[in-house]
Amino acid sequence: MATLYSTTCRSISYSLTPSSSSSSSLSINGQNHHQRLNFSSCIAKRVLPVKVSFHSRRNFHLNVVLMQDGAVATPVTPVENETPFKKLKDGFLSSVPSTEEIKEAASFDVNKDESTVSITVVGASGDLAKKKIFPALFALYYEGCLPEHFTIFGYARSKMTDAELRNMVSKTLTCRIDKRENCDEKMDQFLKRCFYHSGQYGSQENFAELDKKLKEHEGARVSNRLFYLSIPPNIFIEAVKCASSSASSGIGWTRVIVEKPFGRDSDSSAALTKALKQYLDEDQIFRIDHYLGKELVENLSVLRFSNLIFEPLWSRQYIRNVQLIFSEDFGTEGRGGYFDNYGIIRDIMQNHLLQILALFAMETPVSLDAEDIRNEKVKVLRSMRPLQLEDVVVGQYKNHTKGGVTYPAYTDDNTVPKGSLTPTFAAAALFIDNARWDGVPFLMKAGKALHNKSAEIRVQFRHVPGNLYNRNFGTDLDRATNELVIRVQPDEAIYLKINNKVPGLGMRLDRSNLHLHYAARYSKEIPDAYERLLLDAIEGERRLFIRSDELDAAWALFTPVLKELEEKKIIPEYYPYGSRGPVGAHYLAARYKVRWGDLGIEQ
């Protein structure tokens, strides 16, 4: 019996008609039948053919034919645009399956055609794996979103047993607030699926040993493999090369999640992409930006495209400026060595904030297909005016004493070089030169050691022309401006600032909020961004991952000004730890007749 499994816990329609993103063709008695199956849960859906064609997303086309005498014939033919995880053999790249893979396909038991997903966290002993990746995987398991058959392997240089890994992971796992009754049981079941293999990131032999262990757990099922590279970027290529040649899937798909930073500038990013593509196809590379997995960021397109009151206003005709604001109320705190090599512009603005800007400003995509959405984002990035040095303000926090507590300066961090000019704060004015957004300033601001922790999008609308009530607002017309605020974190919310009459006999106007507070409106806990993105990677959904041409366009915007800052050794403006940032950011906004929305009395 052939079985097709859905790994999704979302209500979604899967098409078995071949497409560029995923395809599975069903052949019965030699004739093709294309079906649509609706999956509304993680329950497996079963199809009972006589002949089944397995179309791996990243692999060769495997026809499993059940012969009359019970034998299994498995002719293997290459399929265009469906290449496997590339193999490095004798110095040449090849997409042709090996003899071992053909034997594996030939011995494949059609009666055991249940796929399995093997998730390998490369760099399993690091903070990101412990604090984010393993907890996100457990949350997916807890919610019933992982496939029936899955295995999780930790891979790192540290010597560790399976039991030690499970003990380490168990300390960071938490259960959903609304489903705590079976938490311990679920946690035990999850940990039994977790294993560990110690090895060097550049050792093909160690990855071959990992491959052997993976096969022991996969058995005769279709093996799909996901590698999460939670390691420094300087060893990405070594790990990918070894995984490619020694631990890729023989029959199912193989995918790799790559964490930022994706280079330091256009040249290093292009070199990294070129190196990755020696061993991977573009559609096997999942460049993760966890901000794209935030609930309010994903809701951005829903808010705009499914509400008639917003879409007609989403242009230069009605929007005066857009502000993308990111702030942290802590400094580098021991991470200075990493941070000093990149700075706030590379760490936050070039990826997180720019990706949100592209989603906000894009034209209506043809569909919700990943490629259609990413095509529109690339158009926005390519339409943007090159960033000029005069449109950038940089700052660095200095020590400050408040309430008897002394907070250190950036350069007081022992991991930061003395005299470092790396900015911990930056503000920039960007412009999109197209018909929709011509002349509208998009202001970005990001910084560490500021007065609060937040991430938000602020849309300030134009003044009402000939407003009858201008006299009631006095000279400060900005107080009469409508503003849409999307608070990404913390305490997620969407609110619209409107003008309203205060009850009474007089004509006194007040600014009020139409407020959607997520915690008050929805009882369900909001999933962590890593949960959404890991589930998308398992399902092959690329909408929230960054394509290589997106990356090129993003670096093209920021590379020239980054080089100018470093070559001219621009001294950052110093601001006290815990303050609202450099004064220069206010002058930058004022140049474009903008007031930062997060600095007013009413935020």
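Computed from the coordinates by the stated procedures, all read-outs in this text should not be read as laboratory data. Predicted model only: the values in this text are computed from it and were never measured. Here Cβ is always computed from backbone atoms with ideal geometry, including for glycine, and neighbour counts include all displayed protein chains.
Side notes on the structure shown:
- ALA589 sits among other residues whose Cβ lies under 9 Å from its own Cβ, and their net charge, with Lys and Arg +1 and Asp and Glu -1, is +4.
- The stretch 282-399: radius of gyration and largest Cα-Cα distance (Dmax), Å: 16.8, 51
- In a fully extended conformation the segment linking ARG304 and LEU514 would gain 74.0 nm over its present Cα-Cα distance, using 0.36 nm per residue.
- The distance linking the stretch 506-566 with the stretch 133-195 is 27 Å (Cα centroid to Cα centroid, whole angstrom).
- For the stretch 299-316, 3J(HN,Hα) computed residue by residue from phi via the Karplus equation (6.51, -1.76, 1.60; θ = phi - 60°) reads 6, 4, 5, 5, 4, 7, 8, 10, 10, 4, 6, 9, 4, x, 8, 7, 6, 4 Hz, glycine and proline entered as x.
- Value of Rg to Rh for the stretch 117-240 (Rh from inverse mean 1/r over Cα pairs, i.e. Kirkwood): 0.96
- Along the stretch 376-393 the Karplus relation, 6.51 cos²θ - 1.76 cosθ + 1.60 evaluated at θ = phi - 60°, assigns HN-Hα couplings of 5, 5, 5, 4, 4, 4, 6, 8, 7, 5, x, 6, 9, 4, 5, 9, 10, 10 Hz to successive residues, with x for each Gly and Pro.
- Annotation: amide H of ASP289 within the under-5 Å range of ILE546, sequence separation 5 or more or interchain, hydrogens built in the peptide plane.
- Computed extension length for LYS402-THR174: 78.6 nm, one decimal, from 0.36 nm per residue of separation with the Cα-Cα distance subtracted.
- A DSSP coil position with no more than 11 other Cβ atoms inside 10 Å describes the following trypsin sites (Lys or Arg not before Pro) in the stretch 384-421: LYS418.
- For ALA409, nonlocal amide neighbours, meaning residues 5 or more places apart or on other chains whose placed amide H falls under 5 Å from its own, are ASN399.
- Placed amide H near VAL488: partners under 5 Å, 5+ positions off or other chain: ALA455, GLU456, ILE457
- Calculated from backbone phi, Karplus (6.51, -1.76, 1.60) coupling profile of the stretch 523-531 in Hz, x at Gly/Pro: 6, 6, 5, 6, x, 5, 4, 5, 4
- Entries in LYS159/LYS241; LYS294/LYS524; LYS132/LYS260; LYS241/LYS274 that, when Cα-Cα distance is taken, lie over 18 Å: LYS159/LYS241
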